[in-house]
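S.K.: Mind looking over this structure? Questions follow.
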Amino acid sequence: MTILVTGATGNVGRQVVRRLVEAGEDVRALTRSPETAGLPAGARVVAGDLARPETLPGALAGVEKMFLFPVLEAAEKVVELAVAAGVRRIVLLSSATVTAGYDTEYHLPVERAVEASGVEWTHVRPGEFAVNSLHMWGPSIRATRSVVDPYPDRGSTPIHEWDIADVAAAALVEARHVNTAYTLAGPQTLTQREQVAAIAAAIGEDIRIEELGVAEARAFYHRQGGWAAANADFLLGYEDYSGVESAPAEPADLAEAEPEQAPGTVTADAVTGRPARPYTEWARDHAADFR
Ligand SMILES: NC(=O)c1ccc[n+]([C@@H]2O[C@H](COP(=O)([O-])OP(=O)(O)OC[C@H]3O[C@@H](n4cnc5c(N)ncnc54)[C@H](OP(=O)(O)O)[C@@H]3O)[C@@H](O)[C@H]2O)c1
């Protein structure tokens, strides 16, 4: 039985590939750039682009289960091709924003396409990824051992990407997760200050927090580029989830120490039975990335 993992070079997908290979599954890993994918030798790497369904039939041939990375543009067509190729279970990387009710234009349509296709489905809906802090803070921690943040006392409950992958892998190989949506968070609520302290402890060096105003912080992350620039406006309250511009949120809205969680949110142990990984462990797992 062949399992196709899409988004296979991503934070989550790469870990899903690893878990399935270790479990002895026959794994095919999809990427747009096989030559640079660096995936485990036990997986068969195949080329394909989820935004260009015409590139996928070869990758889908003979596949029974699929881990689907959400690419909205062609999601319906991709699911249609998968079903035609014989895929009978799809585990989707979705988002807790669907459960929270404000994600109607990105992950929700992909969930609906999967459900409407008649396959067995599991929606994995994580909240904030812990690895976001690597994308936001990594460059300045590596360069100057400092972090820019306008709301250091804001709390959040980041989830380790390995826990998301554990849940996805379980849903691919075990029958009991069929037709279920899991909304996931990490097991610890920590302020930004506490998260920075966890990274400092992991690398064994002090990290300074530069508490800039929200507009200055936004400009800083725009200058930084990459993931930070692409996500700063949403994270700092300058746009809503659909990308529509909004007035920057009042500090009180973004400075809460206790984050709101979507109803029914669980930690990974509720699905996998193994303890969910705390942020402190995530920081240790990524210490080398911050040095
Ligand atoms: N970050 C968060 O806090 C958060 C929270 C909730 C949900 N999510 C969801 O999780 C996703 C991010 O997951 P991640 O961090 O594992 O992803 P990632 O590290 O950004 O990697 C995604 C992988 O998907 C592949 N990909 C992208 N577009 C593709 C396309 N058109 N066709 C084929 N492959 C494509 C890329 O691989 P190649 O370049 O090798 O093709 C890339 O390595 C978000 O997009 C969102 O949907 C994120």
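What follows is calculated from the coordinates using simple rules that are stated; it is not laboratory data. Note that this is a predicted model, so its numbers are computed, not measured. Heads up, the Cβs are rebuilt from the backbone with ideal geometry, glycines too, and the neighbour counts pull from every protein chain shown.
S.K.: What order do you get for V131, V173 when you list them from fewest to most C-beta neighbours inside 10 Å?
M.R.: Ordered from fewest to most neighbouring Cβ atoms within 10 Å, V131, V173 come out as V173, V131.
S.K.: What length, rounded to one decimal in nm, is gained on full extension from Y106 through to D240, with 0.36 nm per residue of separation minus their alpha-carbon distance?
M.R.: Contour length minus the Cα-Cα distance gives 47.0 nm.
S.K.: Once you put a point 7 Å from the Cα of E35 and another 7 Å from the Cα of N179, both along the Cβ direction, what distance in nm separates them?
M.R.: 4.7
S.K.: What ranking do 43-55, 271-283 get when scored by the average of other Cβ atoms within 10 Å per residue, highest first?
M.R.: Ranking, from highest mean packing down: 271-283, 43-55.
S.K.: State, to one decimal in nm, how far the label point of L72 lies from the label point of D153, with both points 7 Å from Cα in the Cβ direction.
M.R.: 3.6
S.K.: Given labels modelled 7 Å from the Cα in the Cβ direction, how far is it in nm from E205 to A143?
M.R.: Calculated label separation equals 1.4 nm.
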